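Structure, as structure tokens:
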Amino acid sequence: MTSLPRRNPDLRRKLIIQQAEKLLKDEGLEELGIDPKALADRHDILVEAKPDTAPGVSGMLMHVNTSFGIKYATHIDNEGFQRFSISHELGHYFLEGHPEHLFSGGAMVHTSQAGFASADPFEREADYFASGLLMPSGPFERALKREQEGLGAILSLGGQCKCSLTATAIRYADLTADAAAVIISQGAQVEFAFLSEAMKGLGGIVWPRKGSSLPARSLTAKLNTDAARVRAADRDEGDVDLSDWLSGSSVMGAEEVIGLGTYGKTLTVLTTRNIRDATYGDDDDDEEDLVESWTPRFKR
Ligand SMILES: [Zn+2]
């Protein structure tokens with residue numbers, strides 16, 4: 001991918017997502033619920049389940065002579081994660097420069113950690129590609145317009161795209177016109193957060209960073225103290241002052257939270273109707289920093 005700028009990670013992410021979307025257009029795949037196996041099949045790439053992968057391995061891309069094959073891990077029994085894993089390997093196949101890099105020096109197998117678990121730029125790029133392939137912006141935004149804002153929209157879109165809630169929530173923050181923040185947390189700490197453009201318009205906010213503490217009185221902090229509720233995908237919702245989460249001025253909104261099951265983490269969605277007319281900021285340094293510090297894992 002020498003033709004893409006490496007110094008601007010957010011621009012690079014956008015360009016990679018666009019490459020996935022262009023592939024979908026070229027293939028005539030304009031609906032949500034893309035089947036990455038069928039796409040692989042069209043390109044004569046054999047896809048097989050591999051139940052005995054090492055911990056942390058999401059899948060593999062193999063290159064033998066002129067043939068390519070994908071194996072995907074099944075230790076996480078979640079269709080969304082497996083589809084994301086296959087799409088990640090397709091990213092390695094389709095993205096310019098990836099096969100050359102991964103199979104240089106006669107290597108025949110590349111082992112992947114899909115789901116933003118790796119700091120390796122090639123792994124990240126394959127993850128971005130997977131996001132764009134499974135959640136292309138046009139159809140995703142059209143589907144979003146038919147939904148209410150917040151967790152309900154994410155649950156519905158996750159079902160339509162057959163993607164994990166975490167992956168869908170990140171894409172939702174990327175593409176919604178509403179003021180929204182999505183936060184993944186575990187115990188008393190934030191794992192990562194993503195803010196929509198409209199939410200970024202809120203003045204004086206501080207982004208919740210990895211390792212920062214959850215607001216002590218939040219519904220999220222309360223849910224996280226009960227592992228059984230997290231495992232059972234229990235939900236809660238209520239009013240919230242956004243400044244409890246984001247600092248800045250006091251703005252009332254809604255906090256919705258859901259346990260992410262055996263994954264052991266929770267998803268929080270903050271929304272507000274009170275800053276609807278906020279200026280839509282252009283890409284700024286905050287966003288770039290956030291992409292840099294972005295380490296979610298898409299296991300559910
Ligand atoms: Zn990989």
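Annotations
- With the whole protein complex present, Asp77 retains an accessible surface near 150 Å², based on a 1.4 Å probe.
- Order by protection proxy (mean Cβ within 10 Å, highest first), peptides 81-90, 25-34, 253-262, 235-244: 81-90, 253-262, 235-244, 25-34
- The chain - percent of accessible surface contributed by carbon and sulfur, probe 1.4 Å: 48
- By the combined test of axial Cα extent (at least 18 Å) and Kyte-Doolittle hydropathy (mean at least -1.0), the qualifying DSSP H helices of the chain come to 9-27, 79-94, 121-134.
- When only the Cβ of Lys, Arg, Asp and Glu is charged (+1, +1, -1, -1), the dipole of region 9-134 relative to its Cα centre reaches about 180 debye.
- With all protein chains modelled, accessible area of Lys162 [1.4 Å, Å²]: 90
- Global form of region 9-134, assessed from the alpha-carbon gyration tensor, a/c cut-off 1.5: rounded
- Summarising the overall dimensions of the chain from its C-alpha atoms, the Rg and Dmax are 19.0, 61 angstrom.
- Heavy atoms of Tyr93: accessible area, 1.4 Å probe, square angstrom to 10: 60
- CD proxy at 222 nm, helix term only [per DSSP H run n ≥ 4: -39500 (n - 2.57); per residue of the chain; nearest 500]: -11500 deg cm²/dmol
- Efficiency of FRET between Arg146 and Glu79 - r from beta-carbon atoms, R0 22 angstrom, step 0.05: 0.45
- Subtracting the Cα-Cα distance of Lys210 and Gln18 from 0.36 nm times their residue separation leaves 66.3 nm of extension gain.
- The alpha carbon convex hull volume per residue for region 101-155 rounds to 107 Å³.
The values are calculated or read from the model by the stated rules, or taken from the named source; none is laboratory data. Here the structure is a predicted model, which means the values were calculated and not measured. Heads up, the Cβs are rebuilt from the backbone with ideal geometry, glycines too, and the neighbour counts pull from every protein chain shown. Only protein heavy atoms, including side chains, enter the accessible area calculation; ligands, DNA and RNA are left aside. Shrake-Rupley method; radii C 1.70, N 1.55, O 1.52, S 1.80 Å.
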